[in-house]
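Here the structure is laid out as structure tokens; the discussion comes afterwards.
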Amino acid sequence: MMEQSLISDPGSIDEVVEAEEVKSKNKNSKNLSSCMIKYTNDIKLIYKDKICPPVIDPDLNLFTGDFGSCPDVNNFYLKKVICVAPHLNFSKFKNEIKCSACSTVLNTKGWSKNIRNVHDLDGVCYAMFYNYTCKTRSCKEFNKEVHAYSKDDNDNFKVILPLNLRDVYGISLTAKSGFTSALVQYIIDDALTSKSFYSTGEGIHSFRVQRFLHKKELYLIYVKAYAEILKRDLLLGIIDNVTVERKVREVKPFSSLHDENGYNESPRPSDNYIVALFMSFVTHNKGKMEQFIDEIPVFKTVSVDHTFNSQNRTYDIDSRSSVRRVRRLSERYKEMKKKEKK
Ligand SMILES: [Zn+2]
């Protein structure tokens, strides 16, 4: 019954995703926690004009950190950052990043101030964009700042990238935020089973809680190691009780999951959000899916049985085959559309 009420009107993908932002964050607060503001500013400085990886994962630094010293809890709150700067990410193609209006190579401008929340399966990550400008005077895009995901009124990208480089980032943007293809894939895969969208939400919730617990656990391991060192130093008389007490006080507790200045995570997207992402995916891929179904029949295979004479017994290939999957997706979409009209 849950689904009946959900599918009535998910609303446009932009509206639904933005609603999620307002719900999960205090209206007056910035979408970035203080430690993330500092972190992204550092990234902008480091990769001002140097080769930059498309994804920066702060978790990797945790393992090269100073095990045994006082851990900084803020380092455990940092999230993945997707750095969309094609000329710095793929320097081989830096002269192939062109203006879609006049096809000339774009000039670099600098990192955009605007940082997006990008919703991923196990939590939010952030996307930073490098801006470019077209320096062709006669071009209608002259001097306007654009980035790899800027679109015109007809929903076409304003920047031409070679070899579909854009796909490497694995994100889609809405008006103010975005989501990853991993999140969409999870929703679509779940939609192929008999699971409800509500259960899909529970699945995403579980990914996010697990990740939070994992980070918290990791932090505690660092704290324990630090405590062991303090204990040793006290026993050896290197430090006194007062120092130990002061140092222990410096260790900060791990924040709650939704603390805006701490871990800063929304536990799960709304059911509406999940339905909207599903509808948007299927709507965008409807043409392709129908073509796929029409052109590729479900293959028949002939069983080869050596005990008896070869029989012309035929059967469909495994139900997990892609044709079946696409067909099922399409059916579910049609069912939902029908219910929506009622
Ligand atoms: Zn141009």
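The values are calculated or read from the model by the stated rules, or taken from the named source; none is laboratory data. Nothing here was measured: the structure is a model prediction, and the numbers come from that model. All Cβ positions, even for glycine, are placed from backbone atoms using ideal geometry, and neighbour counts span all protein chains on display.
Summary table below
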| item | result |
| --- | --- |
| Subset of region 245-263 that is in contact with a Lys or Arg (Cβ under 8 Å, 6 or more places away or on another chain) and modelled with pLDDT of 90 or more - its residue that is nearest to G203 (Cα to Cα) | L257 |
| Test: R137 is surrounded by fewer than 20 Cβ atoms within 10 Å (Cβ to Cβ) and in a loop (DSSP other than H, G, I, E, B) | yes |
| Answer from K94, K158, K144 - the residue that is within 14 Å of the ligand (Cβ to nearest atom), free of Cβ contacts under 8 Å to residues at least 12 places away in the same chain and of a type in the set (D, E, K, R) | K144 |
| Subset of region 106-134 that is surrounded by 15 or more Cβ atoms within 10 Å (Cβ to Cβ) and not in a strand (DSSP E or B) - its residue that is nearest to the ligand (Cβ to nearest atom) | L106 |
| Lone qualifier among C99, C83 - being surrounded by 19 or more Cβ atoms within 10 Å (Cβ to Cβ), within 16 Å of the ligand (Cβ to nearest atom) and of a type in the set (A, V, I, L, M, F, W, C) | C99 |
| Residue in region 166-177 that is over 22 Å from H205 (Cα atoms), at pLDDT 90 or above and either within 16 Å of the ligand (Cβ to nearest atom) or touching a Lys or Arg at 6+ places or on another chain (Cβ under 6 Å) (or both) present | no |
| Verdict on L78 being under 26 Å from the mean Cα position of the chain (by Cα) and either on the phi > 0 side of the Ramachandran plot or free of Cβ contacts under 8 Å to residues at least 12 places away in the same chain (or both) | no |
| Subset of region 176-186 (residues that are more than 11 Å from N117 (Cα to Cα) and of a type outside the set (F, W, Y)) | S181, A182, L183, V184, Q185 |
| Restricting region 108-130 to residues that are within 21 Å of the chain's Cα centre (by Cα) and free of Cβ contacts under 8 Å to residues at least 60 places away in the same chain, the residue that is nearest to H87 (Cα to Cα) | Y130 |
| Test: residue in region 173-193 that is in a loop (DSSP other than H, G, I, E, B) and crowded, with 18+ Cβ neighbours inside 10 Å | yes |
| Lone unmet requirement of (1) assigned to a loop (DSSP other than H, G, I, E, B); (2) free of Cβ contacts under 8 Å to residues at least 40 places away in the same chain for L45 | (1) |
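Here's the yes/no breakdown for (1) part of a helix (DSSP H, G or I); (2) surrounded by 13 or more Cβ atoms within 10 Å (Cβ to Cβ); (3) touching a Pro at 6+ places or on another chain (Cβ under 9 Å):
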residue	(1), (2), (3)
I229	yes, yes, no
I239	no, yes, no
R246	yes, no, no
P267	no, yes, no
N272	yes, yes, yes
A276	yes, yes, yes
Q291	yes, no, no
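For (1) β-branched (V, I, T); (2) in contact with a helix residue (DSSP H, G or I) (Cβ under 7 Å, 6 or more places away or on another chain), each residue gets a yes or a no:
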| site | (1), (2) |
| --- | --- |
| G203 | no, yes |
| F207 | no, no |
| Y219 | no, yes |
| V244 | yes, yes |
| H258 | no, no |
| S266 | no, yes |
| Y273 | no, yes |
